[in-house]
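Report on the following structure.
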Amino acid sequence: MSRKILCMLLASALVFAGCGKTNVTGDSSQSNQSQSDSKADGSQTDDSKDDVVEYSNDLFKIKLPAELDEIAEVDTESDKMYVYYKEAKDAGFNGLAFIVWAADSPSDYAGGPYEKVGELSSENGDIYNVVKGYATEVQWDYNEPDMPEGFAKLYDAADSVVESLEGINGYTYTYEAGTKGEDLYNTVLSQYVKAVNEKWDATKLEEKNMSPEFAYAIHEMDNPLEHIGYAYKDINIDGVDELFVGIIYDDDELPGAIYDIYTIVDNRPALVVSGTARNRYYNFDNHFISNVWSGGAGVYGIGIYNLESNSTEMVYQWGYKCDTYENEDAPWFKTYDGEEYEAATDEEIEAAEKLEEKNVMFDYTPLADNQDAIEAANI
């Protein structure tokens with residue numbers, strides 16, 4: 001983990017630790033009370049809601065099963081809700097199980113321990129990014145090695161809570177809106193269809209910020225739309241898919257190689273990086289991006305990157321190179337920034353030689369199968 005990422009996580013932990021209690025509002029319901037009954041805090045009960053308790057703020061409401069509400073404390077702000085394990089919180093150990101936040105902009109939460117789960121929208125076009133978040137440090141008695149059973153129940157309930165969230169005061173909630181590749185990148189993919197239809201050469205592809213490698217598929221392969229493929233993957237685990245574009249070869253040549261990578265920045269697609277056959281990219285272990293490169297017969301290497309959330313910046317993590325030009329007898333070197341290298345140990349050399357085994361090869365979907373992108377290209 002880079003120092004930059006670690007600092008962001010620690011900062012988020014401090015924010016969580018400083019959250020104060022605010023007044024809880026909203027309707028609550030329990031099956032053993034009638035619709036007209038009122039709880040001590042003034043919230044209303046309703047048999048029809050099947051043993052759930054509701055909490056609301058200015059933008060949305062959430063539901064907790066009654067049995068979880070008994071062990072929870074929910075604090076609300078105008079755009080956030082904090083769900084605590086009450087026993088741990090009362091004992092002075094914070095107790096934060098999860099947070100739900102309707103953020104105005106992705107830049108508000110990018111880099112923190114948040115995952116986008118959907119969007120709130122209004123008729124006048126206002127959009128909030130709904131994210132769930134977790135604390136970055138132990139929230140119960142740290143002398144106890146295991147998560148308390150009650151805390152675990154609340155922690156595990158986060159997904160069902162955000163899935164059943166409802167917009168209020170003119171806002172409509174759509175679960176998973178703004179997160180899935182098939183809803184985010186068809187306009188981008190239509191440009192590749194257009195490139196095929198108009199037979200763009202390498203120069204034109206580069207002018208359009210696309211890898212020149214696709215010229216091979218366009219001009220040298222039959223049915224190019226069958227040979228340019230794409231895949232979606234949330235590689236930086238922020239809840240939003242990235243788009244990876246490569247070539248589907250007729251043989252086993254460079255399987256799964258990525259030549260163009262896109263992500264979402266401020267709710268819009270953005271190009272991260274383009275590669276070529278000798279400077280290509282891969283999904284590394286489903287959480288990072290690897291860059292496999294060659295500088296000639298005597299030098300090649302691999303670098304591992306983390307893709308920042310809501311950004312096109314890739315942060316270098318570590319890497320290796322084999323450079324017989326620099327030292328024919330001891331050609332292996334390691335680096336932590338991709339610029340300064342030092343001699344690798346025997347153990348590091350063994351690790352470097354196995355590094356590419358962690359590259360996850362995408363099973364690309366051909367552009368020919370994406371009718372939406374094909375239709376958009378012809379508009």
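The values are calculated or read from the model by the stated rules, or taken from the named source; none is laboratory data. Nothing here was measured: the structure is a model prediction, and the numbers come from that model. Reconstructed Cβ throughout: ideal geometry from the backbone, glycine too, with neighbour counts over all protein chains shown.
In table form, for the structure just shown:
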read-out	value
Residues of the range 156-182 that turn out to be basic (Lys, Arg) and either touching a Gly at 6+ places or on another chain (Cβ under 7 Å) or buried (at least 18 other Cβ atoms within 10 Å of the Cβ) (or both), as a count	0
Failed criterion for Glu342 (all others in (1) touching a Gly at 6+ places or on another chain (Cβ under 9 Å); (2) farther than 30 Å from Leu243 by Cβ; (3) assigned to a strand (DSSP E or B) hold)	(1)
Yes/no for Asn286 being assigned to a loop (DSSP other than H, G, I, E, B), surrounded by fewer than 16 Cβ atoms within 10 Å (Cβ to Cβ) and on the phi > 0 side of the Ramachandran plot	yes
Any hit, the range 143-153, residues being within 21 Å of Tyr109 (Cβ to Cβ), surrounded by 19 or more Cβ atoms within 10 Å (Cβ to Cβ) and under 26 Å from the mean Cα position of the chain (by Cα)	no
Matching residues, the range 105-134, being modelled with pLDDT under 95 and within 20 Å of Ala91 (Cβ to Cβ)	none
Among residues of the range 215-251, those that are more than 29 Å from the chain's Cα centre (by Cα), surrounded by fewer than 19 Cβ atoms within 10 Å (Cβ to Cβ) and without any contact (Cβ under 8 Å) to a residue 24 or more places away in the chain, counted	4
Elements of type strands (runs of 3 or more DSSP E) in the range 57-136, at least 2 residues being surrounded by 17 or more Cβ atoms within 10 Å (Cβ to Cβ), of a type in the set (D, E, K, R) and in contact with an Asp or Glu (Cβ under 6 Å, 6 or more places away or on another chain)	60-65
Residues within the range 155-195 that are assigned to a helix (DSSP H, G or I) and under 14 Å from Lys132 (Cα atoms), tallied	8
From Thr203, Thr187, residue being over 19 Å from Asn286 (Cβ atoms), in the same structural domain as Asp372 (by TED's automatic domain parsing) and surrounded by fewer than 13 Cβ atoms within 10 Å (Cβ to Cβ)	Thr203
Filter result for Asn327 (under 26 Å from Ala202 (Cβ atoms) and at pLDDT below 95)	no
